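The values are calculated or read from the model by the stated rules, or taken from the named source; none is laboratory data. Bear in mind the structure is a predicted one, so any value in this text is a computation, not a measurement. Glycine also receives a Cβ, built like all others from the backbone with ideal geometry; neighbour counts cover every protein chain displayed. The area values use the complete protein model at the heavy-atom level, side chains included, leaving out ligands, DNA and RNA. Shrake-Rupley method; radii C 1.70, N 1.55, O 1.52, S 1.80 Å.
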Amino acid sequence: MTIFTRQNRMFFFLLSVFLLSAGLICYSYVLFPLYLAIRSRDKSSGTVQFTRDAAALPGISFIIAAYNEERVIAEKLEALLASDYPEDRLEILVGSDASFDRTNSLLREFANRSPRIRIFLFPERRGKPSVVNDLVREARFPLLILTDANVMPEPETAFRLVRHFRDERIGLVGANILNVGMRRDGISFQEKAYIERENLIKYHEGLVWGTMMGPFGGCYALRRSLYQDVPATNLVDDFYIAMRVMEQGYRSINELDAICYEDVSNDMYQEYRRKARISAGNFQNLSFFKRWILQPLNPIGFCFLSHKVLRWFTPLFILLSLFTLACLAFYQREWAVLLTVEVILLLSPAWEWSLRKFGLHLKSVRFVAYFVFMNIALAQGYFRYLGGVRSGIWSPTQRNR
């Protein structure tokens with residue numbers, strides 16, 4: 001009887017660990033977004049907004065950190081100069097992080113062409129955070145729009161971001177990044193679907209509590225007075241900046257009408273490298289903001305835990321579910337069916353690769369493979385973080401452009 005009782009206890013312990021692991025994954029990826037969608041129904045931003053009255057609009061400083069961006073920097077600057085925002089209240093600061101292609105010569109041409117463009121050609125490569133920190137100190141206007149060289153805004157984007165800052169509660173506003181350059185033979189559709197879903201989740205967080213968990217770094221606006229220097233070794237500066245804004249008591253929201261376009265990555269390896277780097281940065285930020293995990297009843301803590309932290313630990317939850325299923329199958333053979341299903345899903349990158357060799361592109365298989373591959377990248381990023389991140393220098397992901 002004692003042996004039977006011990007077996008029962010072990011069985012229910014393993015079952016509990018499996019259900020908890022699977023449940024936390026389901027909660028973060030399915031239930032939390034569903035809860036947000038329900039809570040945000042019929043809500044509006046509720047912000048007092050600027051109108052098109054040019055006399056009332058505050059000045060804005062675009063901040064761009066560039067490294068070897070010769071393919072896109074001219075198009076980027078043309079797009080910013082074409083903004084419908086009042087010319088006398090718009091400046092563009094570009095810092096070249098020791099670029100060695102034609103970026104610097106193109107920047108000089110544009111600076112000679114327009115007094116609104118101010119360039120800073122740094123001789124030593126230090127990484128994006130250091131460049132942005134320096135540019136912010138040089139900014140002349142009270143609002144900043146931080147944007148990447150490869151992200152192209154519409155002419156109305158600046159105004160649609162800035163209009164919310166008439167409300168003194170607003171500290172940061174994220175743009176809506178739309179992906180272009182879709183290709184059938186890679187992961188671009190999966191990446192696009194992921195980004196669109198994240199955009200919606202962030203939008204709902206902003207509507208309900210004003211606690212958008214980090215803008216997409218390609219384009220977002222904030223009050224210069226709220227900007228706090230990003231540590232030089234930080235790998236995910238946009239999330240760090242947004243959390244510091246919210247810690248000062250200001251709201252962070254997403255504006256879906258502030259549209260920008262970005263050429264999405266189609267190469268699994270390139271995207272894997274990017275997500276592994278972002279993962280290391282995520283755990284850096286977890287170390288900075290871990291106190292919010294202990295405040296789940298606070299909207300910042302609730303969204304941080306539900307939207308971010310649980311996802312960052314999904315690789316651990318997957319391993320726990322796999323291990324406990326294997327143990328449960330030892331007790332009862334029926335669990336072997338579920339174990340087999342999970343193993344098949346975890347091997348989806350191999351299935352997808354094999355199908356692609358025969359010219360077959362099944363989106364359903366690729367979506368699962370994308371999820372698995374990116375969680376492997378998350379795990380790699382965690383170990384990179386444990387090994388110590390000593391530099392904020394990284395190379396931009398190659399795009400389809």
Residue 189 vs. criteria open to solvent by 30 Å² or more (accessible area, probe 1.4 Å), in a loop (DSSP other than H, G, I, E, B), of a type outside the set (D, E, K, R) and in contact (Cβ under 8 Å) with a residue 60 or more places away in the chain = no
Pairs where the first residue, in segment 159-182, is assigned to a loop (DSSP other than H, G, I, E, B) and the second is surrounded by 22 or more Cβ atoms within 10 Å (Cβ to Cβ) and polar (S, T, N, Q), C-beta under 6 Å, 6+ apart | 182/188
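Mind telling me which of the residues 37, 79 ends up being assigned to a helix (DSSP H, G or I) and under 30 Å from residue 109 (Cβ atoms)? Quick ask: steps written out before the conclusion?
Numbers: 37 fails: under 30 Å from residue 109 (Cβ atoms).
Of the residues listed, the single one that is assigned to a helix (DSSP H, G or I) and under 30 Å from residue 109 (Cβ atoms) is 79.
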Residues of segment 371-384 being under 23 Å from residue 341 (Cβ atoms) and open to solvent by 20 Å² or more (accessible area, probe 1.4 Å), which ones?
-> 371, 373, 376, 378, 379
Has segment 82-89 got any residue that is surrounded by 13 or more Cβ atoms within 10 Å (Cβ to Cβ), within 24 Å of the chain's Cα centre (by Cα) and in contact (Cβ under 8 Å) with a residue 40 or more places away in the chain?
-> no
For residues that are open to solvent by less than 30 Å² (accessible area, probe 1.4 Å), touching a Pro at 6+ places or on another chain (Cβ under 8 Å) and modelled with pLDDT under 85, tally how many sit in segment 34-75.
-> 0
Taking segment 348-367, which residues are in contact with a helix residue (DSSP H, G or I) (Cβ under 9 Å, 6 or more places away or on another chain) and either aromatic (Phe, Trp, Tyr) or at pLDDT 90 or above (or both)?
-> 351, 353, 367
Could you pull out the residue among 258, 242 that is part of a helix (DSSP H, G or I) and touching a Ser or Thr at 6+ places or on another chain (Cβ under 6 Å)?
-> 242
Scanning segment 194-216 for residues that are in contact with a Leu (Cβ under 7 Å, 6 or more places away or on another chain) and more than 17 Å from residue 178 (Cα to Cα), the one least open to solvent (accessible area, probe 1.4 Å) turns out to be 205
On the given criteria, is residue 156 among the acidic types (Asp, Glu), surrounded by 22 or more Cβ atoms within 10 Å (Cβ to Cβ) and over 22 Å from residue 137 (Cα atoms)?
-> no
